[in-house]
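Data block below; observations after.
What follows draws every value from the coordinates through simple rules; no lab data is involved. Since we're looking at a predicted model, the values are computed, not measured. Note that we place each Cβ from the backbone using ideal geometry, even for glycine, and neighbour counts take in every protein chain shown.
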């Protein structure tokens, strides 16, 4: 098995001005076209709401912009917070994006874990589990019956995961007939999903398991020491924001560090030279996730890291 190269965007940028934020959004579209040309395996966009740092609240719009400037790279929305959408409009929007992208956009559907987002949309937190099943079932029904038009390009519908980190999430994915993306690598979740699928008389779908270990965010720099000194605070802002939302457990991507120095030791955010990253890939690193806009990272180090990964590391690993 080779190394998979993914580029992700959440576009959070604490303290950014409107001009700085616009540059970040525009840069992400340019970089999407760039990684498409350079053979990356996927681009991922995420969704959250009511975040002071401007975390991306509209992943379908950004995924559409990415689809417009790319030709081959798969795009994934992870996670799409279904309870914050009206089912008929969601079915229509996903179908249109499926047509625009020729089926290249997939989705991980999820509940979310922040009550403030439900408050913003005037949604019930206590009944969220039941409601997400009802909403997903409604979207699938609309596509199946042709009640919304046009229908999606992909048949019977776009590629869908259900995401979560609990046995209840595994069972829900099975009941809905969806693929499953657990948010951590516990093999018990896959076993629960597979068993529930078979108890319902269907073969299990695809399970995309998170890595058991390894860095969650990767950056390349000719001088990693200088990168940490000049830009480490952007990475720390990203890490501490996640800590405030869901603590230090539950996902391999969470870094409990409180200082840049601690982050360097933890290894969840990895900064290495291109040659060092090539060596890591050749000795077992199976997932390289670039995060070129991490914490509002400026354009210069953002592009330098992405170009090193795309033009030095990726060709060397695949040769």
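Worth a mention:
- Globularity index of the range 42-83, i.e. its alpha-carbon radius of gyration over 2.2 N^0.38 Å: 1.21
- Taking other C-beta atoms within 10 angstrom as a stand-in for reagent exposure, 162, 85 fall in the order 85, 162, fewest first.
- Taking every alpha-carbon pair in the range 171-319 and binning the separations at 5 Å intervals from zero gives 2, 9, 16, 17, 15, 13, 10, 8, 6, 2, 1, 0 percent.
- Span from the the range 191-207 Cα centroid across to the the range 83-123 one, whole angstrom: 24
- Descending principal axes extents, the chain, alpha-carbon based, whole Å: 56, 42, 41
- Ranked for footprinting exposure by Cβ neighbours inside 10 Å, fewest first, 24, 120 give 120, 24.
- Percent breakdown of C-alpha pair distances by 10 Å bin, ordered from the shortest bin, for the range 127-222: 15, 38, 29, 13, 4, 1
- For residue 16 and residue 175, the FRET efficiency from 1/(1 + (r/R0)^6), where r spans their Cβ atoms and R0 equals 41 Å, is about 0.50.
- By the beta-carbon count within 10 Å of each Cβ, the least crowded to most crowded order of 34, 107, 231, fewest first, is 34, 231, 107.
- Enclosed volume per residue, in Å³, of the convex hull spanned by Cα atoms of the range 171-257: 109
- Counted residue by residue at 0.36 nm each, then reduced by the alpha carbon distance between them, the extension gain from residue 121 to residue 149 reaches 7.5 nm.
- Value of D in µm² per second that Stokes-Einstein yields for the range 42-199, Kirkwood Rh from Cα pairs, at 25 °C (0.890 mPa s): 152
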